[in-house]
Amino acid sequence: MADDSNLVLKPASLQAESPPIVLASRSSARRAMLESAGIRAAYRAADVDEHAIRTTCRAQGLDADRTALELAGAKAQAMTVPPGTLVIGADQILTCNGTWFDKPTDRAQARTHLRQLRGQSHTLHTAVVMMRDGCTVWQHVARPMLHMRAFSDTFVERYLQLEGDAILSCVGCYRLEGPGIHLFSRIEGEHSAIVGLPLLPLLGALRAQGSIVQ
């Protein structure tokens with residue numbers, strides 16, 4: 001029987017065969033965004049001391065934008081990849097009325113953070129850095145602003161019970177793709193930047209690097 005395998009239509013792709021892409025993150029939300037855009041990438045956790053980097057940046061007087069970029073760059077730099085690979089690192093810092101918020105260490109701290117943020121507006125400084133052969137070829141900071149409603153203590157307790165430890169990996173203690181959307185009265189900015197990866201600017205950078213068809 002004749003081989004008819006070449007008659008099977010292969011799915012078209014907007015991504016070039018090279019260069020390969022590595023995302024220095026194990027975030028399921030970031031991975032889902034890239035995959036939904038048809039981007040094939042490898043996903044690896046970056047072994048960096050985020051607390052030490054953040055502390056050093058604060059001591060040097062760097063602002064939230066610059067610190068987020070330093071963190072994103074450190075994650076990209078930590079990857080060991082073949083020559084020519086595009087490595088993407090990303091990080092977020094939340095600021096509210098001059099205060100910087102880190103990811104909560106436990107549910108008790110998450111409760112405290114939520115009570116501090118409720119009824120307030122805060123900014124997510126979402127940084128992404130792209131490196132190639134050890135050099136930064138592109139970087140970007142998005143600044144979505146989110147307005148939390150004045151929810152009750154009863155809501156906080158039910159929300160924490162519902163979400164559990166899932167929010168401990170989220171700065172701000174919320175997942176917009178989940179019940180966290182109930183925390184807000186208004187949101188300004190690109191949804192992907194809030195989730196952790198400014199997708200439209202990133203796609204433009206990937207096109208400029210020849211990874212996506214122009």
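The values are calculated or read from the model by the stated rules, or taken from the named source; none is laboratory data. Just so it is clear, the model here is predicted, and its values are computed rather than measured. No Cβ is skipped: glycine too gets one built from the backbone with ideal geometry, and neighbour counts run over all protein chains shown. SASA here: full protein model, heavy atoms, side chains in, ligands and nucleic acids out. Shrake-Rupley method; radii C 1.70, N 1.55, O 1.52, S 1.80 Å.
Some observations on this one:
- Cβ pairs under 7 Å, 6+ apart, first in segment 42-58 and in a loop (DSSP other than H, G, I, E, B), second among the basic types (Lys, Arg): ALA45/ARG26; ALA46/LYS75; VAL48/LYS75
- Members of segment 170-181 found to be assigned to a helix (DSSP H, G or I) and either at positive phi or surrounded by 14 or more Cβ atoms within 10 Å (Cβ to Cβ) (or both), listed by number: PRO179, GLY180
- Close Cβ contacts (under 6 Å, 6 or more residues apart or on different chains) running from residues in segment 95-114 that are open to solvent by less than 70 Å² (accessible area, probe 1.4 Å) to residues that are in a loop (DSSP other than H, G, I, E, B) comprise CYS96/GLN120; PRO104/CYS173; ALA110/PRO104; ALA110/CYS173; HIS113/PRO104; HIS113/CYS173; LEU114/CYS173.
- Filter result for ALA12 (modelled with pLDDT of 85 or more and either assigned to a helix (DSSP H, G or I) or among the small types (Gly, Ala, Ser) (or both)): no
- Residue that is nearest to ILE194 (Cα to Cα) [pool: residues in segment 150-165 that are assigned to a helix (DSSP H, G or I) and open to solvent by 40 Å² or more (accessible area, probe 1.4 Å)]: ASP165
- Residues that are acidic (Asp, Glu) and in a strand (DSSP E or B) within segment 85-123 comprise just one, ASP91.
- Filter result for ILE194 (touching a Pro at 6+ places or on another chain (Cβ under 8 Å) and either open to solvent by less than 60 Å² (accessible area, probe 1.4 Å) or closer than 22 Å to VAL87 by Cβ (or both)): yes
- Single match in ARG143, ARG66 (criterion: open to solvent by 70 Å² or more (accessible area, probe 1.4 Å), touching a Ser or Thr at 6+ places or on another chain (Cβ under 7 Å) and not aliphatic (A, V, I, L, M)): ARG143
- Test result for SER192, hydroxyl-bearing (Ser, Thr, Tyr) and either in contact with a Leu (Cβ under 6 Å, 6 or more places away or on another chain) or assigned to a helix (DSSP H, G or I) (or both): yes
- The single condition from (1) outside any helix (DSSP H, G or I); (2) surrounded by 13 or more Cβ atoms within 10 Å (Cβ to Cβ); (3) polar (S, T, N, Q); (4) out of contact with any Lys or Arg (no Cβ under 8 Å at 6 or more places or on another chain) that THR126 fails is (4).
- Inter-residue pairs, beta-carbon under 6 Å, first over 13 Å from HIS122 (Cα atoms) and in segment 173-192, second open to solvent by 80 Å² or more (accessible area, probe 1.4 Å), 6+ apart: PRO179/LEU162
- Among residues of segment 15-33 being open to solvent by 100 Å² or more (accessible area, probe 1.4 Å) and within 24 Å of the chain's Cα centre (by Cα), the one that is modelled with the highest pLDDT is ARG31.
- Considering (1) within 25 Å of VAL22 (Cα to Cα); (2) open to solvent by less than 30 Å² (accessible area, probe 1.4 Å); (3) more than 15 Å from the chain's Cα centre (by Cα); (4) of a type in the set (A, V, I, L, M), the lone condition that VAL213 does not fulfil carries the number (2).
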